[in-house]
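Worksheet: one structure, shown below.
We did not get these values from a lab; they are worked out from the coordinates using the rules stated. Predicted model only: the values in this text are computed from it and were never measured. A quick note on method: Cβ atoms are made from the backbone with ideal geometry, for glycine too, and the neighbour counts reach across all protein chains shown.
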Amino acid sequence: MNILHLDSSILADHSVSRQLTREVVESIRLAESSVHVVYRDLAQHALQLDGALLAAKGTPAENRSAEQAAQVREAEAVMAEFLAADTLVIGAPMYNFSIPSQLKAWIDMISVAGVTFKYGANGPEGLAGGKRAVIVATAGGQHAGTPTGIAHVDYLRVLLGFLGITDIRVITAEGLAMGPDVRDPALAQARQQIGTL
Ligand SMILES: Cc1cc2nc3c(=O)[nH]c(=O)nc-3n(C[C@H](O)[C@H](O)[C@H](O)COP(=O)(O)O)c2cc1C
């Protein structure tokens, strides 16, 4: 099984989502006989979809500058990792009611018409099906099932569904800034959810 393990928290060793995504990957390792993990730290190494990348992609390979060639190589590597993955483990802390911009940048790189989705006579069709996604969603407050969570976990569900991924599990650890009485049970519950993966 190929796992693509993504972290996006900017909090390095203090990050809860980083700790929990590690635990998710370890739990899958224990359950599966053969696991290959590709790790991408989106906070350490930021991606960006911008005009320069689009221009580089639109330039014939033989005419690209060294910089453009490197940009296209990176975009292709990001896409290849995504396409090769059977399981995505996505660390998704809530930042300002949404996901970190670094995670959004990765989404911008892998959402490519004709590769991971297309529009047909019946509307959009996801081309990246057959994968499982495990989202580790952390937040300082509590948002699940309320309008304040729409741009966080609900958005990720919509996006992954758009790409054809329907097997989505969400590990939630919310209320992490609300003191130990909320935080400790939230973490225990997240770990219990990981145990059931
Ligand atoms: C820049 C920033 C923005 C945040 N915005 C929110 C927010 O809108 N709502 C919320 O509940 N928590 C918010 N938080 C708190 C984080 O969601 C919380 O600290 C969570 O543990 C982050 O996961 P991490 O520990 O893996 O970084 C924010 C934290 C940061 C650093």
Show me the ranking of peptides 42-49, 128-135 by mean Cβ neighbours inside 10 Å, starting with the highest. 128-135, 42-49
Taking amide H positions as placed in the peptide plane 1.01 Å from N, state which residues far from ILE171 in sequence (5 or more) or on other chains have amide H under 5 Å from it. ILE135, VAL136, ALA137
Go ahead and estimate [θ] at 222 nm for the chain from helices alone: -39,500 (n - 2.57) per DSSP H run with n ≥ 4, summed, over the residue count, rounded to 500. -12500 deg cm²/dmol
Provide the convex hull volume over Cα atoms per residue for the range 135-197, in Å³. 70
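Quick one: pull the percentage of alpha-carbon pairs in the range 54-135 with a separation above 17 Å.
On the way: 1968 of 3321 pairs.
That tail contains 59 percent of the Cα-Cα pairs.
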Quick one: what does P(r) look like for the chain with 10 Å bins over all Cα pairs, in whole %? 9, 33, 35, 17, 5, 1, 0
What whole number of Å gives the distance from the Cα centroid of the range 1-76 to the Cα centroid of the range 105-121? 16
Placing +1 on the Cβ of each Lys and Arg and -1 on the Cβ of each Asp and Glu in the chain, which of LEU30, LEU163, GLN48 has its Cα farthest towards the positive end of the resulting dipole? LEU163
Under a GNM of the chain (C-alpha, springs under 10 Å), which listed residue has the highest mean-square fluctuation: VAL112, VAL25, VAL136? VAL112
Ascending count of other beta-carbon atoms within 10 Å, so fewest first, for TYR39, TYR95: TYR39, TYR95
Any aspartates and glutamates whose Cα falls less than 15 Å from that of LYS131, other than same-chain ones fewer than 8 residues away, would be GLU81, ASP86, ASP167
If packing is taken as the mean number of other Cβ atoms within 10 Å per residue, what is the order of 2-12, 61-71, highest first? 2-12, 61-71
